[in-house]
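All remarks here apply to the structure that follows.
The values are calculated or read from the model by the stated rules, or taken from the named source; none is laboratory data. Computed from a predicted structure; not experimentally measured. Virtual Cβ from ideal backbone geometry, glycine too; neighbours counted across all protein chains shown.
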Amino acid sequence: MGKSSSLKASMLGVLFLLLALGVFPAAHASVPYATGDVFAGVGNGAVSQFSPTGTLKNTLQTTTSSAEETGMCFDSHSNLFVTNFEAQTVSKFDSSGNLIAADWYTFPGSPESCVVNNAGDIYFGGGGLSSIYELSDSGTSGTLVNSWSVTTSRGSDWLDLSADQCTMQYTTESSSILRFNVCTGTQLSNFVDGLSGTCFANRIIPGSGGEVLVACEQAAYLLSSTGTVLQTYTPGGETFMFALNLDPDGTSFWTAGYETGNIYRVDIATGAVLTTFNAPHYESVAGLAIYNEPTVGCPTCTSTSTTTTAQGVPELGAGASTMLAAAIGIFAVAILLRIKRLPIQKQIP
């Protein structure tokens, strides 16, 4: 091997080693979603994907640099829609965390939550938005289907759709949960008033006869179908609970400390904390979504399918990517050792 060839091989070996050590940024990892995975809006354009026990599996980057990623929802194809509060946009990811559209739709204010109906249309509410918006999905962008002006205190905020596909319940950063009929375009009587604290994310529990969970700062509440408080939850003594969603097991829910980033899975019946871990974050943990989370508005928005690439080849998960990087590193070290042992030969003109 000539001196120039040895030098080129040496440089190649160093490059492989640097890639393996992560000195150069690696490409985004495709990690298929698994039932129970927790998606936390951690801000600065990012959503962290955790296993149900709190192991970080992936980071989904909207590229919007929005200070807060708030409410999220899955459609029946397991695509994930993320509201970027400060950017006033929605981003869309496929079922392996690959970004489909950074700016799927732009709103005149800050979107904060979304929910999907049986037809596949997506409803959005938000802070500072005085309307509820219905959009259809055309792949890389959203198309406005309808919008309705609703009664608000500070926006249409956090939504959930009833099984009748018409009744939308929502919070507006007050002590009430309001309702609006999106089929007739009429404001309905409030579901409940006078809760303690300012209320945000809320979920109707499937199969419960209309019971509702809602996060209201210092406590989360379980409400009967008539709005009576049945249970009060104060996991970890949190003083600002904002996000909330249901676990696929149907017997527990997830919530988080907005400022602390502590995430909790709580037993609905007993209030016992079943799981807790922390999500490192930019300013706040302002949104939670759980893969295969049950919703009354779209029972078909769950999936057990395996994600593949466009060529039909299964994607590499984070563990496989780590093993590949380790293999590259070993290969690079072998090259460097071999080069060190080879004599430098003179170049023949």
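See the values below:
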| item | result |
| --- | --- |
| One residue from Leu178, Leu195 being within 20 Å of Val116 (Cα to Cα) and touching a Phe, Trp or Tyr at 6+ places or on another chain (Cβ under 7 Å) | Leu178 |
| Condition met for Ser96 (in a loop (DSSP other than H, G, I, E, B) and at pLDDT 95 or above) | yes |
| Condition met for Ser153 (surrounded by fewer than 19 Cβ atoms within 10 Å (Cβ to Cβ), more than 25 Å from the chain's Cα centre (by Cα) and modelled with pLDDT under 95) | yes |
| Residues that are over 27 Å from the mean Cα position of the chain (by Cα) and closer than 24 Å to Phe124 by Cβ, drawn from segment 196-229 | none |
| Cβ pairs under 7 Å, 6+ apart, first in segment 40-57 and of a type in the set (D, E, K, R), second assigned to a strand (DSSP E or B) | Lys57/Gln49; Lys57/Phe50 |
| Residue tally, condition of a type outside the set (Lys, Arg) and touching a residue at least 40 places away in the same chain (Cβ under 8 Å), over segment 250-277 | 13 |
| Filtered residues of segment 168-187 (kept if part of a strand (DSSP E or B), crowded, with 19+ Cβ neighbours inside 10 Å and β-branched (Val, Ile, Thr)) | Thr171, Ile177 |
| Residues located in segment 19-50, provided they are at pLDDT below 95 and either surrounded by 14 or more Cβ atoms within 10 Å (Cβ to Cβ) or touching a Cys at 6+ places or on another chain (Cβ under 8 Å) (or both) | Leu19, Ala20, His28, Ala29, Ser30 |
| Selected residue (only one of Gly139, Gly120, Gly125 is in the same structural domain as Ile204 (by TED's automatic domain parsing) and surrounded by 24 or more Cβ atoms within 10 Å (Cβ to Cβ)) | Gly125 |
| Identity of the residue in segment 223-248, part of a strand (DSSP E or B) and either among the hydrophobic types (A, V, I, L, M, F, W, C) or on the phi > 0 side of the Ramachandran plot (or both), that ends up surrounded by the fewest Cβ atoms within 10 Å (Cβ to Cβ) | Leu230 |
| Selection from segment 188-222 of residues that are outside any loop (DSSP other than H, G, I, E, B) and free of Cβ contacts under 8 Å to residues at least 40 places away in the same chain | Val192, Glu217, Ala219, Tyr221 |
| Residue ID - modelled with the lowest pLDDT, chosen from residues in segment 103-146 that are over 23 Å from Cys199 (Cβ atoms) and among the hydroxyl-bearing types (Ser, Thr, Tyr) | Ser138 |
| Sole residue being closer than 23 Å to Glu86 by Cα and either touching a Leu at 6+ places or on another chain (Cβ under 8 Å) or not polar (S, T, N, Q) (or both), chosen from Val145, Val150 | Val150 |
| Members of segment 33-52 that are assigned to a strand (DSSP E or B) and within 17 Å of Ser303 (Cβ to Cβ) | Val38, Phe39, Gln49 |
